[in-house]
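The next block holds one structure in the form of structure tokens; read it before the comments.
The values are calculated or read from the model by the stated rules, or taken from the named source; none is laboratory data. What you see is a predicted model, and the numbers here were worked out from it, not measured in a lab. Here the Cβ positions follow ideal geometry from the backbone for every residue, glycine too, while neighbour counts run over all protein chains shown.
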Amino acid sequence: MSKAKQTPGGRALTDVVLELFRLNNRMLNAGDRLVSDLGLTSARWQVLGTIVAAERAQPVAWLARDMGGNRQNVQRIVNDLAAEGLVAFQPNPHHRRAQLVVLTDKGKEAFNAAMNVQTPWINRLADGLRVADIETTHEVISTLRQRLEANGESDD
């Protein structure tokens, strides 16, 4: 039985991917601790941030797409945020059933509070790293994400 061999690039990228999995878990745990006093989780914070980053109100499916997440999971989180008064639903003039998700004033306050605790934390985390290295890392990760999206490998 023959086994396909990874190229040197494939081996190096496998190491990066495995490290990204470990990093993702650590980031989610750190994010949960960072915003727990605000009544948020990393997942809720991420949804709020995606809403803030959007140029206009979007339905849940679009938010999920922008996050690279599963629509059902994002819907569950949005429903929880709505129950807590952090987001609200508005009619969508383009689709009767896919309501638009918007931040409420309470949601804006929660997001801003999260960013206020995130700023000193992320500055400490970046301390001692070269900005050029951070930018290169961002470029590589973005390119990999775009390749996966172009190949349809990131769809639910």
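Couple of notes before you dig in:
- Any hit, the range 35-52, residues being within 14 Å of G107 (Cα to Cα) and loosely packed, with under 15 Cβ neighbours inside 10 Å: yes
- Qualifying positions in the range 34-75 - in contact with a helix residue (DSSP H, G or I) (Cβ under 9 Å, 6 or more places away or on another chain), under 29 Å from L144 (Cα atoms) and charged (D, E, K, R): R44, R65, D66, R71
- So G10, is it of a type in the set (G, A, S), out of contact with any Leu (no Cβ under 7 Å at 6 or more places or on another chain) and touching a residue at least 60 places away in the same chain (Cβ under 8 Å): no
- Looking at G85, G68, just one residue is surrounded by fewer than 17 Cβ atoms within 10 Å (Cβ to Cβ), touching a Ser or Thr at 6+ places or on another chain (Cβ under 9 Å) and in contact (Cβ under 8 Å) with a residue 60 or more places away in the chain, and that residue is G68.
- Residue in the range 128-139 that is of a type in the set (A, V, I, L, M) and in contact (Cβ under 8 Å) with a residue 24 or more places away in the chain present: no
- Comparison of R44, R22 shows that the only residue that is in a helix (DSSP H, G or I), over 28 Å from A113 (Cβ atoms), among the basic types (K, R) and modelled with pLDDT of 95 or more is R22.
- Among the residues of the range 1-14, those that are surrounded by 10 or more Cβ atoms within 10 Å (Cβ to Cβ) and either assigned to a loop (DSSP other than H, G, I, E, B) or not hydroxyl-bearing (S, T, Y) (or both) comprise Q6, G10, R11, A12, L13.
- Against the list (1) over 28 Å from T136 (Cβ atoms); (2) part of a helix (DSSP H, G or I), the condition R97 fails is (2).
- For the range 78-92, the condition of being β-branched (V, I, T), under 26 Å from S142 (Cβ atoms) and in a helix (DSSP H, G or I) holds for at least one residue.
- The range 100-140, residues that are among the hydroxyl-bearing types (S, T, Y) and either over 18 Å from the mean Cα position of the chain (by Cα) or not in a helix (DSSP H, G or I) (or both): T104, T136
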